[in-house]
Amino acid sequence: MGINKQLITSQSAGVIPPMAEVERTPVKVLGGIEVSYSQAKDMAEVGQITQAEFNKAVVDGLAARGYAAPKSFS
């Protein structure tokens, strides 16, 4: 009877943060430049990065903070 020690993070548990928390997440774009969520969103809106790049940056930024991304970013 061993003790199963398994680390459970909010990401592995599928915890999706509220949108306000998503919007406070720093993201990395264009090869690793860290910008705010709103800056990255603006970059996607004007075509500096694609929507797919923005979504991936948000997913990666949330994962770095231990969160799962909302379905709209997948």
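No value in this document is a laboratory result; all are computed from the given coordinates. Only a predicted model underlies this, so the values are computations on that prediction, with no experimental measurement involved. Note: ideal-geometry Cβ built from the backbone for every residue, glycine included; neighbour counts use all protein chains shown.
Taking first residues from region 20-31 that are surrounded by 14 or more Cβ atoms within 10 Å (Cβ to Cβ) and partners that are among the acidic types (Asp, Glu), the Cβ contacts under 6 Å between residues at least 6 apart in sequence or on separate chains come to Pro26/Glu34; Lys28/Glu34. Restricting region 45-58 to residues that are of a type in the set (A, V, I, L, M, F, W, C) and crowded, with 18+ Cβ neighbours inside 10 Å, the residue that is nearest to Gly14 (Cα to Cα) is Val58. Of all residues being more than 17 Å from Arg65 (Cα to Cα) and among the charged types (D, E, K, R) in region 15-52, which is farthest from the chain's Cα centre (by Cα)? Just the residue, please. Once the filter is applied, the top-ranked residue is Glu45.
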